[in-house]
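Before I ask anything, here is the structure I am working with.
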Amino acid sequence: MRTIVVLMDTLRRDHLSCYNEQTDCHADNIADFANDSCMFTNHFTGSMPCIPARRDIMTGRLNFLERSWGPIEIHDTTFPKLLTEHGIRNHIITDHAHYFRIGGENYCQQFDTYEFHRGQESDPWVSLVDDPPTPEEYFGTVKRQYQSNRTRFKEEKDYPSVKCFDSAIDWLDENKGADDFFLMVETFDPHEPFDVPQKYLDLYDDDYTGPHFDLPTYKKVDEETDEAMDHLRKRYKGLLTMTDHHFGRFIDKLKSLDMYEDTMIILTSDHGYFLGERDYIGKNYIPGYNELCNIPLLVHFPENQHQGQKNDQLTQNIDLMPTILDHFSIDIPKSVTGHSIKKMLTANQSVRPYSIYGVFGLSVNIFDGQYTYMRGPKDNSKCYEYTTSLTTIRGWLGEDIPEKITTGYFLPDVPFPVYRVPALTNPIVSDTTYIEEDHLFDITKDYEQTVEITDEDKINLMQDKLSHALRDHNAPAEQWERLGLKQPE
């Protein structure tokens, strides 16, 4: 049995023709792959953004209800470790620099082997004493470290995501004909900065001449001109097209080695991104709209099972771990709250009545197949992070409030004492303007989520469903108080 996961960061499903026939974004190789695969239409992220999403994928349970951004915990059971225990060789190829920063510990180390390609975003890679060439006028931001890194990008082959696919192709050549392996190919692209060779911008007739703009600041659109926002969207499309091109090379290699037809191949993302829709740019601070949370999932099953099918069962990224284990006939741990997609398809019925997702400390969102309800916090003083390790994105939790940190057996399903840190600040979110908002939409009639539903009976129904979903996912007790919800009896 062979399984491959291709994870593209910030991959918006509405830019893929298999999900949106009206898109003008060129991603023909993903479209071809979709024709060979089962396409899941109600697939949602779980925890956001990058590292929380990856903990979901690794462990098959939600991260965001109990902590923000942090490492694999001592009590986590991960699918790579289980594969190793059962003799399944596993390998990850990635250019995701967050794995190697403070707060990203122990993810790649779960695998038998890993390969890291340098240079994305602010990866501390290229060392220049003198300042690198930097635009004088720009929208968003310009990071010195990335400007240093990009001095190494002379040709397309030098870009980190391209190197990831090159390495994956080489890995296939070295292991052609092998069975019983797991390979994860993870590209940071099309995540910002939307830096891409000019030929991909030419595909979209980009003739922008304004201030430099490839790395937006997460905020509402204000000083950015319409021309600049159009340029940003074309940069995103260009970067997605480049990523798609090299994904196609990888798929072609699988086919040439006769390793395609009998391999389970999963293509998905961690979350989406706002490119000016609703006047938002970026992610994290924004309510959990579909542009962020309804993400692509394409699964190529061996021997063309379910080929060309569209499936509307509710799925999430926490389902990847049990699906992978199920494919290798490995028992799924009791700690897992995700479900095997293979079993869902075999049973031909939904095993999940709702999906919940969000960013730690912000709204908790629930989708039941018809309605999306976004429940903002009512009292965020009742919010704690739970962890056996205090590292978080580029720093440490509670370093300014050590006297408020307590330890104990606060998580009933965890056999280790954990730190409990009051979430007085949020390491992921700086703009908290929108976190108290509640929203309710009927997705079957209003996928774009533009018509607010104010019917009290429907709101009460979704509140009750959310309360039960929190219990199903072993949420810490204060989550109900924080959200102003009644616990189920």
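The values are calculated or read from the model by the stated rules, or taken from the named source; none is laboratory data. As the structure is a computational prediction, the values presented were derived from the model and not from experiment. Cβ: placed from backbone, ideal geometry, glycine included. Neighbour counts: every protein chain shown.
Among the residues of region 437-450, is any touching a Leu at 6+ places or on another chain (Cβ under 8 Å) and surrounded by 15 or more Cβ atoms within 10 Å (Cβ to Cβ)?
No, region 437-450 contains no residue that is touching a Leu at 6+ places or on another chain (Cβ under 8 Å) and surrounded by 15 or more Cβ atoms within 10 Å (Cβ to Cβ).
Please go through region 3-24 and give me each residue that is assigned to a strand (DSSP E or B) and in contact with a His (Cβ under 8 Å, 6 or more places away or on another chain), ordered by number.
Once the filter is applied, which keeps residues that are assigned to a strand (DSSP E or B) and in contact with a His (Cβ under 8 Å, 6 or more places away or on another chain), region 3-24 yields only Thr3.
Here's a follow-up. Cβ-Cβ distance below 8 Å, separation of 6 or more or different chains: which pairs start in region 386-402 with a residue that is among the charged types (D, E, K, R) and end on one that is at pLDDT 95 or above?
So the pair list comes out as Arg394/Arg101; Arg394/Ile102; Arg394/Gly103; Glu399/Leu390.
Table: residues versus (1) within 24 Å of Pro427 (Cβ to Cβ); (2) without any contact (Cβ under 8 Å) to a residue 40 or more places away in the chain.
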{"site": "Leu128", "(1), (2)": "no, yes"}
{"site": "Thr134", "(1), (2)": "no, yes"}
{"site": "Val142", "(1), (2)": "yes, no"}
{"site": "Asn149", "(1), (2)": "yes, yes"}
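Across region 260-275, which residue is surrounded by the most Cβ atoms within 10 Å (Cβ to Cβ) among those that are in contact (Cβ under 8 Å) with a residue 24 or more places away in the chain and under 16 Å from Thr217 (Cβ atoms)?
Among those residues, the one meeting the criterion is Tyr273.
Name the residues in region 237-257 that are in contact (Cβ under 8 Å) with a residue 40 or more places away in the chain and out of contact with any helix residue (DSSP H, G or I) (no Cβ under 8 Å at 6 or more places or on another chain), would you? Break it down stepwise before answering.
Here is the first cut: in region 237-257, the ones in contact (Cβ under 8 Å) with a residue 40 or more places away in the chain are 237-251, 253-254, 257.
Answer for region 237-257, where residues must be in contact (Cβ under 8 Å) with a residue 40 or more places away in the chain and out of contact with any helix residue (DSSP H, G or I) (no Cβ under 8 Å at 6 or more places or on another chain): there is none.
Cβ-Cβ under 6 Å, sequence separation 6+ or interchain: first residue in region 313-331 and farther than 14 Å from Thr263 by Cα, partner acidic (Asp, Glu) and crowded, with 21+ Cβ neighbours inside 10 Å. Which pairs?
Asn317/Asp56; Ile318/Asp56
Here's a follow-up. Restricting the search to region 357-372, which residues are in a loop (DSSP other than H, G, I, E, B) and either crowded, with 24+ Cβ neighbours inside 10 Å or within 22 Å of the chain's Cα centre (by Cα) (or both)? Explain how you work it out, then say what you get.
So the first thing to find is which residues in region 357-372 are in a loop (DSSP other than H, G, I, E, B), and the list is 360-363, 368-370.
Passing the criteria: Phe360, Gly361, Leu362, Ser363, Asp368, Gly369.
Scan region 163-185 and tell me whether some residue there is among the charged types (D, E, K, R), farther than 30 Å from Asp258 by Cβ, at pLDDT 95 or above and surrounded by fewer than 18 Cβ atoms within 10 Å (Cβ to Cβ).
no
I would also like to ask the following. Does Leu62 satisfy being crowded, with 20+ Cβ neighbours inside 10 Å, among the aliphatic types (A, V, I, L, M), out of contact with any Leu (no Cβ under 7 Å at 6 or more places or on another chain) and part of a loop (DSSP other than H, G, I, E, B)?
yes
From Arg67, Arg101, which residue is in the same structural domain as Pro322 (by TED's automatic domain parsing), at negative phi and surrounded by fewer than 22 Cβ atoms within 10 Å (Cβ to Cβ)?
Step by step, each of Arg67, Arg101 is checked, and only Arg101 is in the same structural domain as Pro322 (by TED's automatic domain parsing), at negative phi and surrounded by fewer than 22 Cβ atoms within 10 Å (Cβ to Cβ).
Would you mind stating whether Tyr285 is assigned by TED's automatic domain parsing to the domain that holds Arg235, touching a Phe, Trp or Tyr at 6+ places or on another chain (Cβ under 7 Å) and aromatic (Phe, Trp, Tyr)? Please lay out each step first, then the result.
Values: assigned by TED's automatic domain parsing to the domain that holds Arg235: yes; touching a Phe, Trp or Tyr at 6+ places or on another chain (Cβ under 7 Å): yes; aromatic (Phe, Trp, Tyr): yes.
Criteria met by Tyr285.
Something else about it: Which number in (1) surrounded by 18 or more Cβ atoms within 10 Å (Cβ to Cβ); (2) touching a Gly at 6+ places or on another chain (Cβ under 8 Å) marks the one condition that Pro296 misses?
Every listed condition holds for Pro296 apart from (2).
Would you check if there is a residue in region 438-446 being of a type in the set (Val, Ile, Thr), within 23 Å of Gln487 (Cβ to Cβ) and under 23 Å from the mean Cα position of the chain (by Cα)?
Taking every residue of region 438-446 in turn, none turns out to be of a type in the set (Val, Ile, Thr), within 23 Å of Gln487 (Cβ to Cβ) and under 23 Å from the mean Cα position of the chain (by Cα).
Filter region 385-405 down to the residues that are over 23 Å from the mean Cα position of the chain (by Cα) and not β-branched (Val, Ile, Thr), then identify the one that is surrounded by the fewest Cβ atoms within 10 Å (Cβ to Cβ).
So, considering only residues that are over 23 Å from the mean Cα position of the chain (by Cα) and not β-branched (Val, Ile, Thr), the one surrounded by the fewest Cβ atoms within 10 Å (Cβ to Cβ) is Glu403.
A further question on this structure: So, restricting to helices (runs of 4 or more DSSP H) that lie completely within region 225-338, which ones have at least 3 residues that are of a type in the set (Lys, Arg), at pLDDT below 95 and at negative phi?
Details: elements: 226-256, 290-293, 320-327.
Passing ranges: none, list empty.
Matching residues to (1) under 13 Å from Gly361 (Cα atoms); (2) at pLDDT 95 or above:
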residue	(1), (2)
Glu385	yes, yes
Thr425	yes, no
Thr432	yes, no
Thr450	no, yes
Thr454	no, yes
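Residues in region 77-89: is at least one acidic (Asp, Glu), surrounded by fewer than 22 Cβ atoms within 10 Å (Cβ to Cβ), modelled with pLDDT of 95 or more and part of a helix (DSSP H, G or I)?
Yes.
Continuing with the same structure: Looking at region 339-356, which of its residues are of a type in the set (Gly, Ala, Ser) and either surrounded by fewer than 16 Cβ atoms within 10 Å (Cβ to Cβ) or farther than 15 Å from Lys465 by Cα (or both)? Steps first, please.
Step one: of region 339-356, the residues of a type in the set (Gly, Ala, Ser) are 340, 347, 350, 355.
Those that are of a type in the set (Gly, Ala, Ser) and either surrounded by fewer than 16 Cβ atoms within 10 Å (Cβ to Cβ) or farther than 15 Å from Lys465 by Cα (or both): Ser340, Ala347, Ser350.
Here is a yes/no grid of residues against (1) over 20 Å from the mean Cα position of the chain (by Cα); (2) surrounded by fewer than 24 Cβ atoms within 10 Å (Cβ to Cβ); (3) not assigned by TED's automatic domain parsing to the domain that holds Tyr434:
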| residue | (1), (2), (3) |
| --- | --- |
| Gln198 | yes, yes, yes |
| Leu201 | yes, yes, yes |
| Asp206 | yes, yes, yes |
| Pro211 | yes, yes, yes |
| Leu215 | no, yes, yes |
| Lys219 | no, yes, yes |
| His231 | yes, no, yes |
| Ile251 | yes, yes, yes |
| Glu277 | no, yes, yes |
